[in-house]
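Please read the structure below before turning to the comments.
The values are calculated or read from the model by the stated rules, or taken from the named source; none is laboratory data. Not measured: the values here are computed from a predicted model. Using ideal geometry, Cβ is built from the backbone for each residue, glycine included, and neighbour counts are taken over all protein chains shown. Just the protein is used for accessible areas: all its heavy atoms, side chains included, with ligands, DNA and RNA removed. Shrake-Rupley method; radii C 1.70, N 1.55, O 1.52, S 1.80 Å.
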Amino acid sequence: MTKIQNITILGSTGTIGVNTLDVIARHPQRFRAYALTANSRIEPLLEQCRQFNPVYAVVLNADAAETLRGQLRREGLATEVLCGPDALELVSSLPEVDAVMAAIVGAAGLRPALAAARAGKRVLLANKETLVMSGRLFMDAVRTGGATLLPIDSEHNAIFQVMPANAPDGLEAAGVSKILLTASGGPFRKATMDELSQVTPAQALNHPNWVMGPKITIDSATLMNKGLEVIEAHWLFAATPSKIEVVIHPQSVIHSMVEYMDGSVLAQLGNPDMRTPIAYALGYPERISSGVGALDLFKIARLDFEAPDTVRFPCLRLAFEALQRGDTAPAILNAANEVAVQAFLADKIAFMDIPRLIEDTLCSVSVGEVLQLEDLIAVDQEARQVAMSWIEACV
Ligand SMILES: NC(=O)c1ccc[n+]([C@@H]2O[C@H](COP(=O)([O-])OP(=O)(O)OC[C@H]3O[C@@H](n4cnc5c(N)ncnc54)[C@H](OP(=O)(O)O)[C@@H]3O)[C@@H](O)[C@H]2O)c1
């Protein structure tokens, strides 16, 4: 009998976290939800504790932790409640934890994901911001820590599935000529510049194919999500920017493709449901059921492809430029984007201000080398300050 694997889910109350628990619940003989974490929403976390009885539950804030602790005690549940960023790192690196699902949103996910990599865990990486901010540091931590890195983003998971085993020696050695990263194009794929300038948060939160948390949904609408994924693909697959091509594919059925030197193109297809990549990574190298229905090709009937338009969607261009620039440029891009998305959701800036704010922040903050984590934390803070001043000047 195989040993039950203990899983820490960072961000268990989010979209990826909930989908991960859904897959885990289907395989009680294989997986145990060992530690669950949230930011502040203790109601869904309490419900998860009732259902999964984890050893640890972590929240960021001390008051929220006290409330959760009291409620668990009243209900006779043994889950130990911890709080704060250090506790996130602790539950990511405990010796009894086998795998860590890194599904916190934004830069807040960086430290615990890094802790999991350094502790040599199987890291299921949904938090793309980790690789965008700290690509080299994180990949070094994976190598030196002896961790196994499995991408959760559906595109990178698809590429991982169709990439040959010798790809770590470089794309050329593996006979790969290009990575084709698919994108739905978001809800405004056909919108004019004029229409884009009028977009409201409610419209932007309405993604045509995927159900996701608010930040990534807005990133999908601006195409910044694809830009972040280009940077993620660069680090995961040692691909130079010229070897990564973005292809708009509105049906979101092909999750990405790999083009080989002999002209073959291998693709991974499936219904747009994150439980497929999650189950793939949890079960790897075995295949396990995910709860996702079979793909009905007759119902889909057609698959369309278009080139992206970086004039209407400048965020994609900005991400390519930040990747080319290297060093701390992607971390500046990421920080400015996080501030811009929050400001857009709070109705403080317009949709088309998002790329303007990011571009201005990239021009204002000096790019430097990344030697250690502290360099990234410092540039992240500086970029956030610059971006917030931009917003203050704008309102
Ligand atoms: N959703 C998708 O389909 C999808 C696909 C591919 C990749 N991803 C990536 O996966 C990550 C998670 O996305 P999501 O859509 O699941 O996000 P989400 O639904 O917004 O969930 C975010 C999770 O992170 C927690 N959290 C938020 N801020 C935190 C902080 N400062 N410190 C600690 N925990 C914090 C939240 O806790 P509370 O509930 O308490 O706020 C929640 O559990 C993102 O990096 C995203 O780009 C998502």
Determine which member of the set 262, 273 is of a type outside the set (S, T, N, Q), part of a loop (DSSP other than H, G, I, E, B) and within 16 Å of the ligand (Cβ to nearest atom). 273
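In this structure, is residue 58 near the ligand (Cβ under 9 Å from one of its atoms), open to solvent by less than 10 Å² (accessible area, probe 1.4 Å) and more than 21 Å from residue 157 (Cβ to Cβ)? Before you say what the answer is, go through the steps one by one.
On the way: near the ligand (Cβ under 9 Å from one of its atoms): yes; open to solvent by less than 10 Å² (accessible area, probe 1.4 Å): yes; more than 21 Å from residue 157 (Cβ to Cβ): yes.
When the stated conditions are applied, residue 58 passes them.
Would you pick out the residues in region 10-47 that are in a strand (DSSP E or B) and more than 8 Å from the ligand (Cβ to nearest atom)?
Taking region 10-47 and keeping what is in a strand (DSSP E or B), we get 10, 31-37.
Listed by number, the residues that qualify are 31, 32, 33, 34, 35, 36.
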Kindly check whether there is at least one residue in region 76-85 that is open to solvent by 10 Å² or more (accessible area, probe 1.4 Å) and either among the aromatic types (Phe, Trp, Tyr) or at pLDDT below 95 (or both). no
In this structure, does residue 97 turn out to be closer than 21 Å to residue 281 by Cβ, surrounded by 21 or more Cβ atoms within 10 Å (Cβ to Cβ), among the β-branched types (Val, Ile, Thr) and touching a residue at least 40 places away in the same chain (Cβ under 8 Å)? yes
Number of the exception - residue 221 against (1) more than 30 Å from residue 94 (Cα to Cα); (2) open to solvent by less than 20 Å² (accessible area, probe 1.4 Å); (3) out of contact with any Gly (no Cβ under 8 Å at 6 or more places or on another chain): (3)
Filter region 153-203 for residues that are under 13 Å from residue 239 (Cβ atoms), open to solvent by 50 Å² or more (accessible area, probe 1.4 Å), in contact (Cβ under 8 Å) with a residue 60 or more places away in the chain and not in a helix (DSSP H, G or I) and give the result. 178
Which numbered condition residue 11 fails, given (1) surrounded by 17 or more Cβ atoms within 10 Å (Cβ to Cβ); (2) touching a Gly at 6+ places or on another chain (Cβ under 7 Å); (3) over 30 Å from residue 134 (Cα atoms): (3)
Go through region 208-239 and give me each residue that's away from the ligand (no atom under 11 Å from the Cβ) and in a loop (DSSP other than H, G, I, E, B). 208, 223, 238, 239
Would you be able to say whether some residue in region 104-127 is farther than 24 Å from residue 156 by Cβ, part of a loop (DSSP other than H, G, I, E, B) and of a type outside the set (Lys, Arg)? no
